[in-house]
Each structure stands twice: as C-alpha cells, then as structure tokens.
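> Can you keep this structure in mind? I'll have questions shortly.
Rule-based calculations on the coordinates, nothing more; no lab input. Small disclaimer: the values here were computed from a predicted structure and weren't measured. All Cβ positions, glycine included, derive from the backbone under ideal geometry; neighbour counts span all protein chains shown.
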Amino acid sequence: MKILILGSGGREYSIGRAIKNEQEKHELFFQPGNGATNELGENIAISDYDELVAFAKENEIDLTIVGPEAPLVDGVVNIFKANGLTIFGPSKEAAQLEGSKVYMKNFLAKYNIPTAKYIESDSIEELFKFTNSLSIPIVVKADGLCGGKGVIIAQSHDEAKKAISEMLSGKSFGDAGKKVIVEEFLDGYELSMFAVCDGKDYILLPAAQDHKRIGDGDTGPNTGGMGAYAPTPLVDEVLYQKVRDRVIRPTLDGMQKEGAPFEGVLFIGIMVVNGEPITLEFNVRFGDPECEILMPLMTSPVSDMFYKAATNRLADIKVEFSDQYAVGVVMASENYPYGSSTPAEIILDEVKHEDIANNTHISFAGVTLEDGKLYATGGRVLVCIGLGDSIKQARDRAYLRCGQVHFAGKKLRTDIAYQAL
Ligand code: AMP
Ligand code: GLY
C-alpha cells in the first residue's frame, strides 16, 4: 500500500517504523514528519487539507493514518472521506470526545459510563457552588483543547475558584476555557487503554502506563509523557472485561446512537479506584509515548489493522500481540516542559552489544536533519524502547540504550515502570 501518516512526533515515527518492518513492502509518506521519518519514507510539506487531498489522489494513497488530535478535531477525516479517500481516524463529530471535555462528560453521563462526579457550566456562581460542596483536592478542567495543560488539580477551594475565574475570563486558555468542568478528585492508579475501533467492532491493545510528570517519583509539572510501559501487571482479565463491558461497548453503541460512529483510536484514561475502572477522559488518538511501546508489541501487520478499521472490517481479522514487555524512556530537551531549548547535535553511539542491538530501538520525535546531522530541537526529542521477557529486562535494556544517546541538556526520568517493579 501507499500510506500517508499525518503528524511529526515519536508516535507517528513508531507507526511508520512498524509498517516498515512488515513483511509486505509499503511506501510511506509523512506530513510533515520529522528529521528522522525521512529514513522511513518521504516527508511532504503540505498543510492545507484540500491540497493534501489533491496530493493523496495524485499519488494514489491507499490509506491515511492521522496521529495527533488537532487535525481530527478540524475535520480532516470528513474532508478525506468526502473525496472518496480511505483514512483512519474519527470524524470531526466523533472527535468531540477529545475536542470538548463537556461533550465527553455529558456523553459519559448519558450512557451511564462510570466517571468522576462533575458539573459543567459557564456560570461562575454554579461552578463555585459545586466547588464548595467538594472536599479537596478539586479538579478544574477547561472544556477545549489546551495542549494537555487544561487540567488543574487544586489543593484548596480558593485555588479552585481562582482557576475557574481565570478559565472563564479567557485569561488562562482563551476560548477553550469558556466552559469549565469541576469534578471530584479520584484517588487510585492511572492506566492508558487503547481500543482500535471501526465504528462497531474494536481491538483492545495491552494496557499501558504513562509517566506524566517531568521528575522522578512523579514530581514537578505535567508533560506530554516521559515514558511508558506495557503490558502492565496492574491489569488482570477481570479489569479488562470491566473496561470492555462498562466503557468501550457502551461508548461505541452510544456514539452510533449519537449519529457519530467512532472510528479510530479510542484512548481511555482510566483511574482504578478500589478495583473499579473509572473513566477520567477520552482522547481520540494514540497516546505518545504509549504508541511507541505498543507498536513493537504487535506481531500482526499494523497497516492491515488500520486499513481494516478504516474500512469497517475489523471483525474480519485477528490481531496478535507478542508476549514480551516494552518499556519506553523519553529523552527531552533541557528546558522541557517550561520552554524552548537551543538545538543540540545528537550523537548516537554505534550499538555493539548484540543483546542491546537486537532488543532496543529509538523512536524519533523532536529532531531535524541538517547536513546529515541530527539535531534535538526541543520538547520530547526521542524515545528509547527496550523489549524483554520481563518488565525489568525491558527497562534495563531501554536504559542501556539511553546511555548510548548524547546531546547537550538531555533530560530523562530514571524510574520509568517503577509502579510495576
Ligand atoms: P486529563 O487531561 O483529563 O487526562 O487530565 C490530566 C491528568 O489530570 C490525568 O491524567 C490525571 O492524572 C489527572 N486527573 C484528571 N481528572 C482527574 C480526577 N477527577 N481525579 C484525579 N486526577 C485527575
Ligand atoms: N501520553 C499521553 C498523551 O498522549 O496524551
């Protein structure tokens, strides 16, 4: 197939890499891609969706895979489908599950899917009143997309009220804060689950755990994710089944009833409280870095899974996973997540140790290529992935690989997968 992947991160690199490693040969294009994706395929620089459609038609693209949420919420899937193209991802309407937390919470409530007790409103009086009824900590969320920054865990009622006021006034998140959610704090452990959906059927991937905070021991500010591992032993068959029955099935049925069947990746942020899975949020795409560890665990061709999902035929296939574990350690730039960093040349040691060469790899994200040299250009730069027969083995291999990557200011957590070890 000729496959176009939209996005520029480690997530998109890892999808491309998995497709590249399939037995069948495919031709890959990335829009816009990064400084390393052009080793896997061709980077193209077309940001206008109509021009992208023209490119896909001219080049006879068989399948387009959308990585990030922004183009989904913009409706890129609707535009491609209206032009008769095959694309994997939710429609603009279905992408509201991530694009609007108010839509998502009201959907969960309507279909009796367990979630934190909440109120959504644009009235400061109503929000304050509900805030007063909660004990601390109190969770305040802006409705719209805020690049992962729209959630405040307030440690006092005053802090919660300040966050509400600043969101409503547009001061903190502009239009994304015009409506606000206040909800109860859930105390438990957090999981990422991913269901690849075709509107009716779905394939549930091994459960993963992300590490959102910048610092070891889950300290410091939130990031996009500093590392992940899967499958996590914190999930057993009983919990998987609860998520299937209480979250995924009612979501797919509910979205059909809403006239917005869900095709694409349903990313379920789960808090497990006393053994019960509670839905924290939905995203409508793969997590990053979760995708980077899930792709290498798939032993069936991933391009076929995406193609079958995009053509509503997931029921026709069986997707197999390796019985290994994967651990991914993110290496970020010096000033991440506070600000930008000076570009720094990346030196990759030649991996001589056979065990490390065979059981690790790198997914590249914030990198550019200049005169044949790779530069870290800020944010999350790359992910070192280790595979193994145990989480510990996979983790040790991932960290050994990290030791062979050098750039000025490199930053990484040293405790990825600690909850499982
Ligand atoms: P979200 O963007 O909704 O996933 O929120 C970002 C992070 O905030 C989540 O990954 C959780 O760690 C935390 N969070 C969100 N909602 C709650 C909640 N109701 N209780 C506890 N933590 C939460
Ligand atoms: N790693 C979490 C996310 O992609 O939102």
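> Work out how much length Asn274 to Asn112 would gain on full extension: take 0.36 nm times their residue separation and subtract the Cα-Cα distance, in nm to one decimal.
My answer for the length gained is 56.4 nm.
> Also, quick follow-up: Calculate the radius of gyration of the Cα atoms of the chain to one decimal place, then report Dmax, the largest Cα-Cα distance, as a whole number, both in Å.
20.9, 64
> Suppose only helical runs count, i.e. DSSP H with n ≥ 4. What mean residue ellipticity at 222 nm does that imply for the chain under -39500 (n - 2.57) per run, divided by all residues and rounded to the nearest 500 deg cm²/dmol?
Calculated mean residue ellipticity at 222 nm is -7500 deg cm²/dmol.
> Stretched out fully, how many nm does the piece from Val351 to Glu184 gain, at 0.36 nm a residue minus the Cα gap?
Length gained, Val351 through Glu184: 55.3 nm.
> Give a residue-ordered list of calculated ³J(HN,Hα) values for segment 315-320 (Karplus: 6.51 cos²θ - 1.76 cosθ + 1.60, θ = phi - 60°; whole Hz; x for Gly, Pro).
In residue order, the calculated couplings are 4, 7, 10, 10, 9, 9 Hz.
> Give me the Kirkwood hydrodynamic radius of segment 1-158, using the inverse of the mean 1/r over all pairs of distinct Cα atoms, in Å to one decimal.
By the Kirkwood definition, the hydrodynamic radius is 18.1 Å.
> Give the residues of segment 170-196 whose amide nitrogen is closer than 17 Å to a point set 7 Å from the Cα of Phe128 in the direction of its Cβ.
170, 180-182
> I would also like to ask the following. Using the Cα atoms as the points, what is the convex hull volume per residue of segment 288-421 in Å³?
144 Å³
> Taking the Cα centre of each part, how many Å lie between segment 159-178 and segment 12-46?
Between the Cα centre of segment 159-178 and that of segment 12-46, the gap is 39 Å.
> Could you line up Ile164, Ile416 from fewest to most neighbouring Cβ atoms inside 10 Å?
Ile164, Ile416
> Now for a separate question. Spelling out what I want: for every residue of segment 147-159, take phi, set θ = phi - 60°, compute 6.51 cos²θ - 1.76 cosθ + 1.60 (Karplus), and round to whole Hz; glycine and proline get x.
x, x, 10, x, 10, 10, 9, 8, 9, 8, 5, 5, 4
> At R0 = 51 Å, how high is the FRET efficiency between Arg249 and Asp371 if r is their beta carbon distance? Nearest 0.05 is fine.
Calculated value: 0.45.
> When you count, for each residue, the other Cβ atoms within 10 Å and take the mean per peptide, how do 377-385, 128-136, 90-98, 16-24 rank with the highest first?
My ranking of the peptides, most packed first, is 377-385, 90-98, 16-24, 128-136.
> Scale the Cα Rg of segment 219-291 by the rule-of-thumb value 2.2 N^0.38 Å and send over the ratio, two decimals.
Dividing the Cα radius of gyration by 2.2 N^0.38 Å gives 1.23.
> Take each of the peptides 340-347, 394-401, average the number of other beta-carbon atoms within 10 Å over its residues, and list them starting from the highest.
Those peptides, ordered most packed to least, come out 394-401, 340-347.
> Enter the Cα centre distance for the pair segment 353-421 and segment 223-276, rounded to the nearest angstrom.
Taking the Cα centre of each part, segment 353-421 and segment 223-276 sit 27 Å apart.
> Show me 195-206, 141-152, 231-242 ranked by packing, highest mean number of other Cβ atoms within 10 Å first.
Going from most to least packed, we get 195-206, 141-152, 231-242.
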